[in-house]
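The values are calculated or read from the model by the stated rules, or taken from the named source; none is laboratory data. Just so it is clear, the model here is predicted, and its values are computed rather than measured. Side chains are part of the model used for accessible areas, which takes the heavy atoms of the whole protein and leaves out ligands, DNA and RNA. Shrake-Rupley method; radii C 1.70, N 1.55, O 1.52, S 1.80 Å.
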Amino acid sequence: MSIRRRNNNGTSPSTAFGQTVMDSEYRIILNVGGVRHETYKHTLKKIPATRLSRLTTNLANYDPVLNEYFFDRHPGVFAQILNYYRTGKLHYPLDVCGPLFEEELKYWGLDSNECEPCCWMTLSGTRDTQDVLKTLDELDIEVDQTEGPELYKRFGWEDDYHNDSLSAWQKIKPRIWRLFDEPNSSRSAQFIAAISVFFLITAIIVFCLKTHPGLRIPELAPFGNFSRNHRSTSSRIHPAQINIDKANSRPHPTFMYIETICNIWFTIEILARFSSCPSRFEYLRAPVNIIDIVATLTFYIDLLSSMFGATADLEFFSIIRIMRLFKLTHHNSGLKILMHTFRASAKELMLLVFFLVLGVVVFASLVYYAERVESNEDNQFVSIPIGLWWAIVTMTTIGYGDITPHTYLGRLIGSICALAGVLTIALPVPVIVSNFAMFYSHTQARSKMPKKRRGVLSMDQVAQHVKHAPVRNSNGPTQRKNMENTPLVSNNHTPPHTLI
């Protein structure tokens with residue numbers, strides 16, 4: 001009579017051994033960046049159309065000796081990816097940069113949008129950071145220190161630089177462009193930038209001072225002629241009176257001389273930048289350059305028109321010269337960041353305008369009818385358009401006091417209008433402040449980064465380098481060996497060595 005031994009769970013040792021063998025057939029070993037992971041094959045089939053769901057032994061990264069698949073990828077991110085196959089939930093690792101995480105997901109054939117809601121804020125924050133860095137690259141705040149082929153590549157003269165066939169103008173043009181377009185590129189560029197800012201501020205001051213009544217010359221408008229009246233007993237001559245018309249006055253001629261000197265410098269600056277810029281189309285597309293050109297042209301038009309008698313209509317167009325203040329953004333990175341902060345906060349500003357217009361229309365209508373309900377002899381709200389002016393002044397907390405409600409109901413509506421205006425304007429302010437702080441902090445961090453970094457070869461460059469690498473032969477002389485047909489596993493069944 002034979003007695004079979006059984007395990008604690010009631011199975012025989014042979015059955016347990018068979019189950020272990022069958023279980024090992026369904027398991028798979030993944031070596032990712034030197035860290036071995038082991039899981040079941042059917043686990044990798046849970047997410048089809050991905051890199052891990054299509055693993056076969058015919059792949060080049062399969063090692064038949066160690067019976068594992070090797071991937072030279074980030075092991076920390078892969079732990080979360082393998083957990084995604086097991087649980088169906090993708091979590092963001094906090095110790096990994098966002099772009100690296102998304103790059104790893106793209107390699108394994110996964111979508112980063114499948115991240116769980118608890119980690120979505122972290123992932124979206126890294127994407128916002130990438131957008132900010134991209135915007136800062138477009139702002140061109142940092143000084144471009146490229147020299148040699150990189151500098152001439154921007155002008156399309158890279159081949160001429162390598163062939164040593166640059167003309168005299170091709171050598172001078174990048175220097176002129178840097179002098180006038182990059183204020184911090186050299187001491188000479190800083191000196192020219194200081195001169196430009198001096199003439200800019202002087203032109204703005206002159207534009208404002210020449211409108212002061214005390215600095216204008218009134219026009220003399222005589223009426224009558226010097227004539228001899230009939231002789232009186234005293235036989236005196238009575239001259240005709242001369243009227244001074246203060247309404248028609250002209251600025252002092254000194255202002256015109258100062259403006260002429262300033263605009264001569266602006267003209268030289270425009271011609272130098274336009275003739276030396278890498279792309280004239282991009283130069284004419286910049287709003288600051290358009291304002292500079294138009295403001296300078298209006299001065300010459302005003303100068304020519306003054307020779308033939310300037311009119312008030314022509315003088316009105318000279319107001320565009322005040323727009324030259326935007327040229328200061330070219331010399332100050334803070335102003336440039338502020339302008340792009342408003343651009344980044346366009347949605348919040350449009351929402352502010354929408355709610356402000358909505359409140360203005362509603363409260364203007366309410367106060368118009370509220371002032372008509374009670375008897376009010378001093379009713380100033382004769383129409384809803386006048387109520388619109390009162391509502392926008394009240395909601396923006398200015399309160400000129402030229403129009404005020406006099407009834408109890410009108411004053412109640414005015415109080416609610418003022419409170420609603422404070423709340424409406426205060427809502428988007430934190431968003432704008434946070435955007436400016438984010439742009440400014442990233443700009444300060446980028447300014448402390450090293451300008452030049454060590455280059456990293458791509459896979460194609462590494463393959464080409466290995467292909468032509470010298471190999472020492474045992475016979476003595478150094479020969480070049482073709483490495484393209486080197487197998488992943490050698491004939492003696494030893495794992496391949498990594499070529500550095």
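From zero outward in steps of 10 Å, how is the percent of C-alpha pairs of the range 24-141 spread across the bins?
P(r) for the range 24-141, in whole percents per bin: 12, 41, 28, 13, 5, 1.
Could you give the accessible area per residue of the range 335-446, probe 1.4 Å, as a whole number in Å²? Mind dumping the intermediate values first?
Numbers: 6800 Å² over 112 residues.
Per-residue accessible area for the range 335-446 comes out at 61 Å².
In whole angstrom, and with the biggest value first, how far do the Cα coordinates of the range 341-440 range along each principal axis?
56, 18, 17
Taking the full set of protein chains and a 1.4 angstrom probe, give the accessible area of Met438 in square angstrom, rounded to the nearest 10.
60
May I ask which of Lys153/Lys336; Lys45/Lys89; Lys106/Lys134 have a Cα-Cα span longer than 19 Å here? Numbers along the way, then the final one.
On the way: Lys153/Lys336 26 Å; Lys45/Lys89 15 Å; Lys106/Lys134 21 Å.
Flagged as over cut-off: Lys153/Lys336; Lys106/Lys134.
Taking amide H positions as placed in the peptide plane 1.01 Å from N, state which residues far from Ile29 in sequence (5 or more) or on other chains have amide H under 5 Å from it.
It is Tyr69, by chain and number.
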